[in-house]
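Contents: one structure, followed by commentary.
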Amino acid sequence: MSILRILAFASLWIAASALPAAKPVKKLDQSRSDVRKFVEEMTAEHGFERSELVELLAEIEIQQSILDAISRPAEKTKPWHEYREIFITEERIRRGVDFWNANTEAVKETAHAFGIPPEIVVAIIGVETYYGRRTGSYRVIDALGTLAFDYPPRAKFFRSELKHFLLLSREESVEALEATGSYAGAMGMPQFMPSSYRSYAVDSDEDGRRDLWANLDDVLGSVANYLHVHGWEPCEPVAVRAEPGSEDLSLTGKSLEIKETVSSLRERGLRIDTELPDDTPALLIALDAKDGKEYWVGFKNFYVITRYNRSLMYAMAIHQLGREIAGEMNDART
């Protein structure tokens, strides 16, 4: 062997030895009592074959990045003015218009069938996955398994979602080890959690399957059906701007529940630009703008959007993005 080849091999060996060692993959510990209990429940209550289920759960990879991500969701770590800048952008508005134009008939038929404004359906898909471009790269079973067994604050919830995912994989012929989604296990273009998928997804094109990854008819119909089932009121407003008559520290506006009326908020000094009756149920929304508080009053339909994601900022982003997209669509028609 020539001296040059010897030196080349030596350089490669030195470079390889300098690379950090790959971290071993941490698999779900099958001997844990909570894992064994989960297996018992799934076999006894839902008829899963024990050996197959144990083999499947053994493939779950516990990932620290999932635990890190769920500890810092944008809704809890960013003020409104920063959160808004993520979702209400010229590009996202333009892509929303493009998405609507590319799927005009499907969007129109969905809106008509469920009584949901098309801009709201489009905006939800736009906020959730950038109109299907970012549906998540985690294996759903890894996300749910990690959170079900290694995230104590919400282990019960995610264990239930893991159960629903396994049932969904059986019902809809979803490959459990191949389905991908968010760090929390949300799936497809509308980012449905497994329980929501099983309860609210619809087979819009009647092909015998509810596909929220690739079937746009099912995606649009499922988003609209979710809002419809949760009480959307057709032709009613979502929210309006409001101004406080004076600085009132009681105007916190952080609750997701409708506990006020238009009249009761006006009695507290709030100026509300609406002709709705005084007894219309309402909730106060106080957001952190760059230069102070920004007040809105939300109505039943705003509350319905928060059933999709339990966040005032999320619902406001949907409302504002939808309004911007609808405005661009109307301008293009005139």
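Against the test of being within 14 Å of the chain's Cα centre (by Cα), assigned to a helix (DSSP H, G or I), modelled with pLDDT of 95 or more and of a type outside the set (Lys, Arg), the options 195, 169, 199, 160 yield a single qualifying residue, 195.
Scanning segment 71-82 turns up one or more residues that are more than 16 Å from residue 165 (Cα to Cα), surrounded by 13 or more Cβ atoms within 10 Å (Cβ to Cβ) and in contact with a strand residue (DSSP E or B) (Cβ under 6 Å, 6 or more places away or on another chain).
Against the list (1) out of contact with any strand residue (DSSP E or B) (no Cβ under 8 Å at 6 or more places or on another chain); (2) closer than 30 Å to residue 288 by Cα; (3) modelled with pLDDT of 95 or more, the condition residue 44 fails is (2).
The condition (being surrounded by 12 or more Cβ atoms within 10 Å (Cβ to Cβ), in contact (Cβ under 8 Å) with a residue 24 or more places away in the chain, more than 30 Å from residue 129 (Cα to Cα) and among the aromatic types (Phe, Trp, Tyr)) is satisfied by just one residue among 87, 48: 48.
Residues of segment 66-74 include at least one that is farther than 20 Å from residue 148 by Cβ and under 19 Å from the mean Cα position of the chain (by Cα).
Does residue 123 qualify as being closer than 27 Å to residue 94 by Cβ and in contact (Cβ under 8 Å) with a residue 12 or more places away in the chain? Yes, satisfied. The listed residues are 204, 255, 264, and the only one of them that is free of Cβ contacts under 8 Å to residues at least 24 places away in the same chain and farther than 22 Å from residue 158 by Cα turns out to be 264.
Answer yes or no as to whether residue 327 is outside the structural domain of residue 131 (by TED's automatic domain parsing), more than 30 Å from residue 194 (Cβ to Cβ) and not in a loop (DSSP other than H, G, I, E, B). Steps first, please.
Numbers: outside the structural domain of residue 131 (by TED's automatic domain parsing): yes; more than 30 Å from residue 194 (Cβ to Cβ): yes; not in a loop (DSSP other than H, G, I, E, B): yes.
Considered against the rule, which asks whether it is outside the structural domain of residue 131 (by TED's automatic domain parsing), more than 30 Å from residue 194 (Cβ to Cβ) and not in a loop (DSSP other than H, G, I, E, B), residue 327 comes out as yes.
Does residue 107 satisfy the criteria of being within 30 Å of residue 290 (Cβ to Cβ) and in a helix (DSSP H, G or I)? It is false that residue 107 is within 30 Å of residue 290 (Cβ to Cβ) and in a helix (DSSP H, G or I).
Restricting the first member to segment 146-173 and to residues that are touching a residue at least 60 places away in the same chain (Cβ under 8 Å) and of a type in the set (S, T, N, Q), and the second to residues that are assigned to a helix (DSSP H, G or I) and buried (at least 20 other Cβ atoms within 10 Å of the Cβ), the beta-carbon pairs closer than 8 Å and six or more apart or on different chains are 146/66. The set of residues from segment 45-99 being of a type in the set (Asp, Glu) and in a helix (DSSP H, G or I) comprises 45, 52, 55, 68, 75, 82, 85, 90, 91, 98.
Report, by residue number, each residue of segment 133-157 that is closer than 14 Å to residue 71 by Cα and in a loop (DSSP other than H, G, I, E, B). Full working, then the answer.
Of all residues in segment 133-157, those closer than 14 Å to residue 71 by Cα come to 143, 146-147, 150-155.
Scanning segment 133-157 gives a single hit, 151.
Scanning segment 310-321 for residues that are surrounded by 19 or more Cβ atoms within 10 Å (Cβ to Cβ) and not aromatic (Phe, Trp, Tyr) gives 312, 313, 315, 316, 317, 318, 319, 321.
Screening residue 304 with (1) surrounded by fewer than 18 Cβ atoms within 10 Å (Cβ to Cβ); (2) on the phi < 0 side of the Ramachandran plot gives one miss only, at (1).
The values are calculated or read from the model by the stated rules, or taken from the named source; none is laboratory data. Since the structure is predicted, the reported quantities are computational estimates derived from the model, not experimental observations. Note that each Cβ is placed from the backbone with ideal geometry, even for glycine, and that neighbours are counted across all protein chains shown.
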